[in-house]
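Take a look at the structure set out below.
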Amino acid sequence: MRNLRFRAALLAAPLVAASLLVAPAPASAVTDLDCGFFACSWVFSKSATKLISEGAPAIRVCKNIPTPGNLACGVALGALVVTAKKARSEGKCAKITWTKTPAPPLGTWWPSVEGGKRCK
């Protein structure tokens, strides 16, 4: 049971955090959600990237998940926070990409920096 919670938190945490950031925020929080055949990518606005880089969403999301899931959540969102800090220092946006297999939110995901036209 613990292993299942750990995996679920590790895989779903970035998407949950993204939805928490976007739900109460204006439509400009996420500039672009793009889905291809195998993967989707979610580019955050520069203001949302700033918020993520401060770590507040990670703390809100992870504190309510039971152990050991909260540890997995912290690791997963920690990677997103580090990437957002890098993006912010370069004047770019944070991006999450995830595969569609087996199915979202259980696919593989990774954060990266986006500096192209999708970053606003």
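Odds and ends about this structure:
- Meets criteria (over 10 Å from the mean Cα position of the chain (by Cα) and closer than 15 Å to Phe44 by Cα) for Cys119: yes
- Qualifying residue in the stretch 4-23 (condition: under 17 Å from Pro111 (Cβ atoms), modelled with pLDDT of 65 or more, assigned to a helix (DSSP H, G or I) and open to solvent by less than 20 Å² (accessible area, probe 1.4 Å)): no
- Hey, Ser45 of a type in the set (S, T, N, Q), surrounded by 21 or more Cβ atoms within 10 Å (Cβ to Cβ) and in contact (Cβ under 8 Å) with a residue 24 or more places away in the chain or not: yes
- Of all residues in the stretch 52-83, those satisfying the criterion of being of a type in the set (Gly, Ala, Ser), open to solvent by 10 Å² or more (accessible area, probe 1.4 Å) and within 20 Å of Trp98 (Cβ to Cβ) are Ala58, Gly74, Gly78, Ala79.
- Verdict on Ala87 being modelled with pLDDT under 55 and open to solvent by less than 70 Å² (accessible area, probe 1.4 Å): no
The values are calculated or read from the model by the stated rules, or taken from the named source; none is laboratory data. These numbers come from a predicted model, not from an experiment. Heads up, the Cβs are rebuilt from the backbone with ideal geometry, glycines too, and the neighbour counts pull from every protein chain shown. Calculation scope for accessible area: heavy atoms of the full protein, side chains included, ligands and nucleic acids excluded. Shrake-Rupley method; radii C 1.70, N 1.55, O 1.52, S 1.80 Å.
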